[in-house]
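Worksheet for the structure shown next.
The values are calculated or read from the model by the stated rules, or taken from the named source; none is laboratory data. Keep in mind the model is a prediction, meaning the values are calculated, not measured. Cβ placement follows ideal geometry from the backbone for every residue including glycine, while neighbour counts extend to all protein chains displayed. Surface areas here come from the heavy atoms of the whole protein model, side chains and all, with no ligands, DNA or RNA. Shrake-Rupley method; radii C 1.70, N 1.55, O 1.52, S 1.80 Å.
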Amino acid sequence: MPEGHTIHALAGRLNRAYAGKPVRASSPQGRFADSAAQLDGEVLIGAQAAGKHLLVEVDGDRWLHVHLGLIGNFAVTPLADGIRPEDVPVQGEVRLRLASDTHVADLRGPMVCALITAQEAHSVLDRLGPDPLRADADPDEAWARISRSGKTITELLMDQAVIAGVGNVYRCEVLWRHRIDPHRPGRELRQSSWDTIWADLVRLLPLGVAYGQILTLEPQVEEAERRLAAGEEPPVITGRSLGTTFPREFATYKRAGEPCPTCDSRIRTAKVAGRTLYWCGRCQRRR
DNA sequence: AGGTGATGGTCAC
DNA sequence: TGACCCTCACCTG
């Protein structure tokens with residue numbers, strides 16, 4: 001489920017639930033028991049996302065590093081009145097449970113869950129390319145790599161050292177939105193095309209954070225922007241639920257053989273570096 | 001009831 | 001290139 005927008009939303013949820021307060025930590029599954037014991041009772045200073053990585057600073061110069069991978073889930077649930085954290089049943093293999101008087105957060109199936117030093121946390125950040133959701137992001141750093149790479153733009157968009165936070169859905173959809181051939185080598189991409197991709201991701205990803213779902217069809221994107229501008233509060237995402245404000249619709253993703261919204265040509269599919277790419281062979285022809 | 005693939009990534013060969 | 005990590009939704013029957 002997670003691309004960068006999911007992790008940024010998660011960091012916000014964790015901050016609202018726990019930041020500045022001591023947290024109870026446990027590992028019902030047991031695999032993370034030692035680290036949970038070290039976390040237990042410490043003040044959770046703040047959570048931040050960098051691409052698909054979650055970094056939570058904890059008192060005592062320690063950082064909790066979580067990467068959900070493809071199948072992981074970190075469900076933050078507010079407690080109903082009178083319910084204590086220990087009353088919430090543990091369902092499945094919960095690697096880490098964070099609890100307070102107000103919330104329970106259960107981590108399942110992560111690719112990474114580790115307690116690391118500040119230095120190690122910085123090295124995680126250093127390995128990542130710019131993240132369109134972060135204020136400190138510099139798109140020129142990504143362009144420097146893209147413009148001298150023989151790899152295709154679709155591979156480069158998935159390379160977290162080039163740009164952080166983009167996954168398979170956003171890469172397929174953003175290339176379709178700008179009619180860019182996914183097989184075009186980075187070094188043959190015009191800088192104006194890159195600037196357009198970056199600006200679009202800066203526009204799209206915050207909508208994904210706000211609504212808890214990937215929005216890439218222009219009518220949905222504009223409707224989401226309109227609602228946010230009008231001050232509408234998106235529904236709060238809790239537990240394992242996903243955003244359902246808008247129907248789950250894409251232009252290319254998982255639409256192999258179906259008509260392109262623009263030209264009716266059939267959406268094509270191919271495995272690229274182990275992941276399924278979707279694109280319109282007509283709109284996204286090399287030009 | 002069982003199988004499969006998935007919005008990810010690493011590592012060994 | 002494929003095994004693995006190890007969860008869940010969505011098929012098939």
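List of remarks:
- Residues of region A:62-79 falling in the label zone of A:Ala118, defined by backbone nitrogen less than 18 Å from a point 7 Å along Cα to beta-carbon, are A:62-65.
- Taking A:Pro259, A:Pro130, A:Pro139 as the candidate residues, the one with maximal mean-square fluctuation in a Gaussian network model of chain A, Cα springs under 10 Å, is A:Pro259.
- Building the convex hull from the alpha-carbon atoms of chain A and averaging its projection over directions returns 15.8 nm².
- Averaging Cα coordinates gives a centre for region A:1-37 and one for region A:57-71; these two points are 7 Å apart.
- Comparing A:Ala99, A:Ala25, A:Ala199 in a Gaussian network model of chain A where C-alpha atoms under 10 Å apart are linked, the largest mean-square fluctuation is found at A:Ala199.
- Taking Cα atoms only, the orientation of helix A:168-177 departs from the longest principal axis of chain A by about 30 degrees.
- About the centre of its Cα atoms, chain A shows a dipole size close to 1440 debye [charges on the beta carbon of Lys, Arg (+1) and Asp, Glu (-1) only; nearest 20 debye].
- Per residue value of the accessible surface for region A:1-107 (all protein chains in place, 1.4 Å probe), Å²: 44 Å²
- Every helix of 4 or more DSSP H residues in chain A counts as -39500 (n - 2.57), and over all residues that averages to -9000 deg cm²/dmol at 222 nm.
- Spin-label proximity, A:Thr245 to region A:185-228 - amide N less than 12 Å from point 7 Å beyond Cα toward beta carbon: A:206-215, A:220-228
- Cα-based helix-to-principal-axis angle, A:218-229 vs chain A, degrees rounded to 10: 40 degrees
- Computed over Cα pairs, the Kirkwood radius of region A:4-126 leads via Stokes-Einstein (0.692 mPa s, 37 °C) to a diffusion coefficient of 231 µm² per second.
- Between region A:163-181 and region A:211-287, the alpha-carbon center distance in angstrom: 10 Å
- Rounded accessible area per residue of region A:127-177, 1.4 Å, Å²: 36 Å²
- The share of accessible area on chain A that comes from carbon and sulfur is 49 percent, using a 1.4 angstrom probe.
- Comparing A:Cys172, A:Cys113, A:Cys263 in a Gaussian network model of chain A, where Cα atoms under 10 Å apart are tied by springs, the biggest mean-square fluctuation is seen for A:Cys263.
- Chain A: angle of helix A:4-18 to the longest principal axis, Cα-based, in degrees nearest 10: 20 degrees
- Diffusion coefficient, µm² s⁻¹, Stokes-Einstein with Kirkwood Rh over alpha-carbon pairs of region A:162-239 at 25 °C and 0.890 mPa s: 178 µm²/s
- In angstrom, the C-alpha Rg and Dmax of region A:139-280 are 15.6, 44.
- Of A:Gly109, A:Val236, A:Cys263, farthest towards positive along the dipole that unit charges on Lys, Arg, Asp, Glu beta carbons give chain A: A:Cys263
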